Amino acid sequence: MATLPAALNTPQTATPQVSNSTNDFSARKQLENLATSASSITNSAKWGGWQRGEVPPAVAAYHQALGTDAALQQAQPRLDQAGLQGNVDLQQTGMREQGADARSRLSSMTDLSQAQLAGQDAMARTQVQETGANQRSLLQTLGGIQEAELRATAAKAAPTGYRTLPNGNLQAIPGGPADPAASKEGLQQNKDTQDVFSILDQARPLMDTATGSYAGAAADQVARAFGVSTEGAQSAAQLKALQGALVSKMPKMSGPQSDKDVLLYREMAGQIGDPTIPVDQRKAAMKTVEDLNMKYLPVANDAAAYQALASGSYYKTADGSVRRKQ
């Protein structure tokens, strides 16, 4: 068997990454700069001298950049799929070649093995019988020892604040004195995380009625000048307040990506209450804020962990979905 080929290790082809505002800081910054230029007062009919129906170049450039960025974002999944299919094809070809080579070698080895086995058969049978008797005796002895050890382990009481898992390991009881999350800092982090998910739940229905464009924001301003508050303006005002609450509840990021996570959290939270940003883009920003807070949610993958949660708490299940205890 030592002459058979080693396990298949076909080189994989890396999938090209399309830079866009979701994964490239410079692309995102360029889009923001275009948005700033498009929102300039000189692009209005009053101050820029544009006629009705005319689109200022800065506004047109921003809209074109938005379309290009959306197309780049949509192109990445197709590239990923093509790269995956290419790697699968390479793997299948390598497996077929390796299989043919292995079958050829096994065929040759079979003839040789049959001749060798014929001469060794009698000696092997005797040796197997003796070895089998020795192994049975040894296994009986080991079985008795292991059974005694298991009984002793089961009899030991778990330390205060811990529970014994089926595999014999100890686990801190969620919310107990040994749970790291029960510390003062951990409790504050958990409270802030719970508040973030509660704020996001309040913000979601407001997105369906909130103003989501420069034109809409301008219309709200005109209505306000006449003492009228539109539904979109009211929803936008509430979202602005929720945006501030989200910023104040930003978790203390940890890990090698913590600095980038902090910048991303602030940027995404800052978009939620901006009435000039399209609603779909702000919903995507909410999703990013949720994802950044996911790892700070408590995990309830069994009945004991679920019962330890306070009523109304958000938690993460074993499959990664977020739920709220009623």
What length, rounded to one decimal in nm, is gained on full extension from LYS191 through to LEU142, with 0.36 nm per residue of separation minus their alpha-carbon distance?
12.6 nm
Provide ARG136, ARG28 in ascending order of the number of other Cβ atoms located within 10 Å of each residue's Cβ, fewest first.
ARG136, ARG28
Can you give me the C-alpha center-to-center distance between region 251-326 and region 69-99, rounded to a whole angstrom?
31
Net +/- balance of residues flanking GLY244 in space, Cβ distance below 13 Å, scoring K and R +1, D and E -1:
+1
How high is the relative contact order of region 184-295? Use alpha-carbon pairs under 8 Å, at least six apart in sequence, and give a whole percent.
35
Neighbour-count ranking [beta-carbon atoms within 10 angstrom, fewest first] of VAL196, VAL18, VAL228, VAL322:
VAL228, VAL322, VAL18, VAL196
For region 236-326, what is Rg from Cα atoms divided by 2.2 N^0.38 Å, rounded to two decimals?
1.23
What nm value, rounded to one decimal, do you get for the distance between GLN281 and THR160 when each label is placed 7 Å out toward the C-beta?
5.7
Packing-based exposure ordering (other Cβ within 10 Å, fewest first) of THR42, THR126, THR230
THR126, THR42, THR230
Among PRO251, LEU292, LEU263, pick out the residue whose Cα is farthest towards the positive end of the charge dipole of region 184-295, where Lys and Arg carry +1 and Asp and Glu carry -1 on C-beta, about the Cα centre.
PRO251
If I take R0 = 25 Å and measure r between the Cβ atoms of GLU32 and GLN257 in this structure, what FRET efficiency does the formula 1/(1 + (r/R0)^6) give, to the nearest 0.05?
0.70
3J(HN,Hα) from dihedral phi, region 111-125, Karplus parametrisation 6.51/-1.76/1.60, rounded to Hz, x for glycine, proline:
4, 5, 5, 4, 5, 5, 5, 4, x, 9, 4, 4, 5, 5, 4
Amide proton proximity set for VAL299, modelled H, under 5 Å, gap of 5+
LYS316
Report, as a whole number in µm² per second, the diffusion coefficient that Stokes-Einstein gives for region 70-133 at 10 °C and 1.306 mPa s using the Kirkwood radius over alpha carbon pairs.
95
Packing rank of 104-117, 300-313, where each peptide gets the mean count of other beta carbons within 10 Å, highest leading
300-313, 104-117
If you stretched the chain out fully between GLU54 and ALA223, how much longer would it get, using 0.36 nm times the residue separation minus the C-alpha to C-alpha distance?
58.5 nm
If you plug each phi of region 263-280 into the Karplus form 6.51 cos²θ - 1.76 cosθ + 1.60 with θ = phi - 60°, what whole-Hz ³J(HN,Hα) values come out, in order, with x for Gly and Pro?
4, 5, 4, 4, 5, 5, 5, x, 8, 4, x, 8, x, 8, 8, x, 4, 4
In Å, the Kirkwood hydrodynamic radius of region 184-295 over pairs of distinct alpha carbons?
14.6
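Every number here is computed from the coordinates shown, using simple stated rules; none is lab data. Just so it is clear, the model here is predicted, and its values are computed rather than measured. Heads up, the Cβs are rebuilt from the backbone with ideal geometry, glycines too, and the neighbour counts pull from every protein chain shown.
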